[in-house]
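Report on the following structure.
The numbers here are math on the coordinates, done by the rules we state, and not lab data. Computed from a predicted structure; not experimentally measured. Here the Cβ positions follow ideal geometry from the backbone for every residue, glycine too, while neighbour counts run over all protein chains shown.
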Ligand code: FAD
């Protein structure tokens, strides 16, 4: 068994975090920025759990107003603009079209909800709601005939898994140890936490003064099997699935449809050529790693498209689908969609502190991290909160400055196509420089793996962003999986194996 070496002060780390989803990565970043010695372990790849399977909205949650979850909506609405400022390249404002539907929520109710939505969170950057006549407005043309009144309101959209990676990257740059493909197999409580970690069959020990269980839907498994504690009764698991189909409309707005079962379903522009549709909501039990999209969920989502759009979609036309499991705090609600979306922190200070995270949203990860660090402050004595005014790596541009960055990047590397520059700037922000470097021709970026993925970008992903497998690159660091064929994947795998073998990995 190996020990972390060279670190004194009783325990190896001030804080150990189990789970490299948005919550674990956000906590690691906040803690490292407060001067704490941080270890984050992720059993698979960063964001390989729920944090790559969300609808990818940075939103207040319009639907939550019906449940009167005003505090959650207010906090999330305010957070929307904070997160937008932190990473304006990755988090993009989006306008959402909400058509009125016969027999559904009446206009006065929607108007009231949208009025609250516009005003609850102190909106400064995003435009307000407007009413639209869908029978005349071009936004009505992709829809079936018969729609008249509708509303258009603001929220934001992001790439959830890249948001996780940027948090981990920032944490690492502030001194945190980020260990992917490393599972915490046991943690014993003494004066500090004694952890046993396993990386590809190899075991090592580490100790930490405090521990956070940020294992998302695995939080219950970690509690029982890793920490040998009683079952987490507050945890409820709810599955949600999405499908991706060819682009159903030309403009950049999203649609939010009210469905006959009382649920809402989004249809969002996705990766330039596609539309993302979701989500479903169903109770889940069992191993979160085994979650998969069921045929009846694909049928359900296709039906929603076919009920609302002129274009019809058959299940065979679905180009990608993904499912995720939410961890939610159980309040005993009968329907999964009624379970509260707020987070709960279970704080146990009987000995070395343990905080268990239940629930949470991509949108509110920064606030959740602050709450965790505030709860640990009396024990760990860390510096005060700092993330509200911060930038994530590559996000050091003004909210309105992303177009200027695209123009600057095109001028500096004129051999790149516009869609390529837009993809790179959207993913890496100002850090495109680190990928493109001194390249003067396209060939200088090295061989192309498929689509517009060059060896230069791949090298960056392996060296700085913990990418180890094709899926890490194609689905979590990018969505290039939508554009890669089998042969290109094989080529990518071979090239990556060479890079990793040559020691380019961290
Ligand atoms: P996860 O991302 O699941 O991370 C937990 C990690 O812990 C996993 O990567 C796992 O591998 C790791 N782990 C587990 N056990 C161990 C161990 N023993 N050792 C090491 N690592 C371990 N939120 C929004 O704000 N906007 C949305 O649009 C939105 N849409 C959603 C749609 C769906 C269908 C779902 C399911 C959720 C959605 N959410 C949304 C909520 C959001 O996705 C989740 O709240 C969030 O991703 C949870 O992150 P997490 O870090 O807690 O969990």
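In terms of surrounding Cβ atoms within a 10 Å radius of their Cβ, 236, 410 rank from fewest to most as 410, 236. Distance from the C-alpha centroid of the stretch 147-201 to that of the stretch 434-506: 22 Å, rounded to the whole angstrom. Normalised by the number of residues in the stretch 1-156, the mean separation of alpha-carbon contacts (under 8 Å, six or more apart) gives a relative contact order of 21 percent.
The packing ranking, built from the mean of other Cβ atoms within 10 Å per residue, places the peptides 47-56, 315-324, 90-99 in the order 47-56, 90-99, 315-324, highest first.
Fully extended, how many nm does the chain gain between residue 493 and residue 299 (0.36 nm per residue separation, minus their Cα-Cα distance)?
Fully extending the segment from residue 493 to residue 299 adds 66.5 nm.
For the pair residue 133 and residue 374, a Förster radius of 45 Å applied to the C-beta separation gives a FRET efficiency near 0.40, rounded to the nearest 0.05. Between residue 500 and residue 188, the contour length at 0.36 nm per residue exceeds the Cα-Cα span by 109.0 nm. Taking 0.36 nm per residue of separation and subtracting the Cα-Cα distance, full extension of the segment from residue 350 to residue 399 would add 13.2 nm.
Using the beta-carbon distance between residue 149 and residue 290 and R0 = 41 Å, what value does 1/(1 + (r/R0)^6) give for FRET efficiency, to the nearest 0.05?
Efficiency, from the Cβ-Cβ distance: 0.40.
Label-to-label distance, residue 471 versus residue 112, with points set 7 angstrom from Cα along the beta-carbon direction: 4.6 nm.
Using DSSP, restrict attention to beta bridges with both residues in the chain and report what percent are antiparallel, rounded to the nearest 5. Restricted to the chain, the bridges split so that about 75 percent are antiparallel.
Computed from the Cβ-Cβ distance with R0 of 25 Å, the FRET efficiency linking residue 141 to residue 312 stands at 0.95. Counting neighbouring beta carbons within 10 Å and listing from fewest to most, the residues 129, 182, 260 come out as 260, 129, 182. Note on the stretch 360-506: Rg/Rh from C-alpha atoms, Kirkwood Rh, equals 1.05.
Note on residue 260 and residue 434: the model spin-label points, each 7 Å out from Cα along the C-beta direction, lie 5.2 nm apart.
Over the chain, what is the mean sequence separation of C-alpha contacts under 8 Å (at least six apart), divided by residue count, expressed as relative contact order in percent? Walk me through the numbers before you get to the answer.
Numbers: 1032 pairs, mean separation 96.4, N = 506.
Result for the chain is 19 percent.
Histogrammed with a bin width of 10 Å, the alpha carbon distances of the chain distribute as 4, 19, 29, 27, 16, 5, 1, 0 percent, first bin at zero.
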